[in-house]
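Following: one structure in structure tokens, then a few remarks.
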Amino acid sequence: MAKKLPILGICAAGSNSGKTTLINKLIPELAKHNIRVSVIKHAHHKFDIDHPGKDSYEIREAGAVQTLVASGKRWALITEMQRTPNPPDEANLDELMQLIDPNYADLILVEGFKTADIPKIEVHRPSLGMPMLHLSDANIIAIASDSAPTINNIEEITNFILNKLTARKLTTNDKT
């Protein structure tokens, strides 16, 4: 039976709130505690991880539905959703979580997907004037902010996550 990974979302009402910054700080802090992290990041826009002139880009642009690029150092799978039967309007988090290999990680951090039914930490910066999501989302278990009364430093947030992991208080990616 495959290991079930705990899942924790990092969400905010809008862009440029510090979600990626928080994740970039959490990953090495959690690694100090021997927690290996995989990340699923939601993008609201068209994005590209490949570049014109590269063979994989040319193959994808020629019409491949999926292109897997691999070496001994890393691999990446690019799927052109608009070329699949019945393409979705939005990425399906449950399906994406199943793509994460549970043998490589101890925790999945999910950036964005603010309406997902998973435990989440809300990132809130009052100076941006965005609404707070926790007022209407019972899945938000903490708020990371640059103002009190919230957890607002990386050590506190890391300890909060470690406590939740120890208490097994995070959802797992067992959707089978």
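The values are calculated or read from the model by the stated rules, or taken from the named source; none is laboratory data. What you see is a predicted model; the values in this text were computed from it and never measured. For neighbour counting, all protein chains shown are included, and Cβ atoms are generated from backbone atoms with ideal geometry for every residue, glycine included. In case anyone asks, the SASA skips ligands and DNA or RNA and just uses the protein heavy atoms, side chains included. Shrake-Rupley method; radii C 1.70, N 1.55, O 1.52, S 1.80 Å.
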Can you tell which of 21, 115, 67 shows the greatest fluctuation in a Gaussian network model of the chain with Cα springs below 10 Å? 67
Whose amide H sits under 5 Å from the amide H of residue 10, counting only residues 5 or more places off or on another chain, with H placed in the peptide plane? 110, 111, 112, 121
Within straight-line cross-link reach of residue 54, lysines at Cα separation under 23 Å, skipping those fewer than 8 residues along the same chain: 46, 73
Counting pairwise Cα distances across the stretch 32-176, what percent come out greater than 19 angstrom? 64 percent
What angle do you read, to the nearest 10 degrees and between 0 and 90, between the alpha-carbon axis of helix 19-31 and the longest principal axis of the chain? 80 degrees
Calculate, for the chain, the solvent-accessible area per residue in square angstrom, rolling a 1.4 angstrom probe over the heavy atoms of the protein chains. 63 Å²
What longest region of the chain stays clear of trypsin sites (Lys or Arg not before Pro) that DSSP places outside H, G, I, E and B and that have at most 14 other Cβ atoms within 10 Å? 75-167
Can you compute the charge dipole magnitude of the chain about its Cα centre, using +1 on each Lys and Arg Cβ and -1 on each Asp and Glu Cβ, nothing else charged? Give it in debye, rounded to the nearest 20. 460 debye
Given the options 87, 119, 52, which has the most mean-square fluctuation in a GNM of the chain, springs set between C-alpha atoms less than 10 angstrom apart? 52
Counting only DSSP beta bridges with both residues in the chain, what percent are antiparallel, rounded to the nearest 5? 30 percent
Across 101, 146, 55, the residue with the highest GNM fluctuation in the chain (Cα network, 10 Å cutoff) is 55
Rounding to the nearest 10 and keeping the result within 0 to 90°, find how far the Cα-based axis of helix 154-166 lies from the longest principal axis of the chain. 80 degrees
Note down the magnitude of the dipole of the stretch 3-45 about its Cα centre, charges +1 on Lys and Arg C-beta and -1 on Asp and Glu C-beta and zero elsewhere, to the nearest 20 debye. 180 debye
